[in-house]
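Note sheet for the following structure.
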Amino acid sequence: MSTSSPHSRPLRILVVEDHDMVAEAICLALERSPDLQIVGRAASVAAALADARHCEPDVVLMDRRLPDGDGVTAITDLLALVPSARVLILAGEGSGSVAARVAETGGAGLILKARGLSDLEDAVRRVAAGEMVFSQDLLGDVLERLTGRAPAPGANLTPRELQALHLLAEGHTTAELSDQLGVALNTGRNHVQRVLEKLGARSQLEAVTIARREGLLK
């Protein structure tokens, strides 16, 4: 009596990308293969969660930056809806701290948009097979974080940078933050920039979100 493999049917893929041309190119490229099936296409975190509930995808290919939130942060909610899904983050650029966040939240990998569509197709198949997919320059940081050899985001913030972070969390502008710290505006901007860099964030809002998750803010 023969048994079928878990993926004898086509791999079911949910594409989450808010740029129509990029999403269309991804869908066309992946659907050229008979063993890959696009079962949903969303342009926001909210739409992705709704689609995941109904489509039950094997792989969610998700842009990191979406109009209503961060794709990495959404991984937890996606996996709560579809525990068997593998979430592959698609990013314009990557860093070790962001890649580590993907792994820590249960994601299956991070692939850069600059990579070719053939690399994307390969990454989708690999994560569906149970692999973790990160570029070689990010893999070392991921392994260090997962094995506890690398500090958590924000662990190396100076006391002054922590002050700046708390002021950002309170909703202060950079000018107000500088005034509160008693420093020149350019110095205040430098403090904010270093906070973002050390937290692996691209915006002040994302920095505050990461800081709350890491327990840096009460």
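The values are calculated or read from the model by the stated rules, or taken from the named source; none is laboratory data. As the structure is a computational prediction, the values presented were derived from the model and not from experiment. Ideal geometry is used to build each Cβ from the backbone, glycine not excepted, and the neighbour counts take in all protein chains shown. In case anyone asks, the SASA skips ligands and DNA or RNA and just uses the protein heavy atoms, side chains included. Shrake-Rupley method; radii C 1.70, N 1.55, O 1.52, S 1.80 Å.
Per-structure values
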| item | result |
| --- | --- |
| Hits in the stretch 98-140 (condition: over 18 Å from ALA48 (Cβ atoms), in contact with a helix residue (DSSP H, G or I) (Cβ under 7 Å, 6 or more places away or on another chain) and open to solvent by less than 50 Å² (accessible area, probe 1.4 Å)) | VAL98, ALA99, ALA100, ALA103, GLU121, VAL133, PHE134, LEU138 |
| Elements of type strands (runs of 3 or more DSSP E) contained in the stretch 7-78, each with 1 or more residues being surrounded by fewer than 21 Cβ atoms within 10 Å (Cβ to Cβ) and in contact with a strand residue (DSSP E or B) (Cβ under 9 Å, 6 or more places away or on another chain) | 11-16, 36-42 |
| Single residue of LEU168, LEU177 found to be in contact (Cβ under 8 Å) with a residue 40 or more places away in the chain and either out of contact with any Ser or Thr (no Cβ under 8 Å at 6 or more places or on another chain) or surrounded by 16 or more Cβ atoms within 10 Å (Cβ to Cβ) (or both) | LEU168 |
| Residue within the stretch 196-210 that is buried (at least 16 other Cβ atoms within 10 Å of the Cβ) and more than 30 Å from the chain's Cα centre (by Cα) present | no |
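Per-residue answers, yes or no, for (1) in contact with a Lys or Arg (Cβ under 7 Å, 6 or more places away or on another chain); (2) acidic (Asp, Glu):
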position	(1), (2)
ALA169	no, no
GLU176	no, yes
ASN186	no, no
HIS191	yes, no
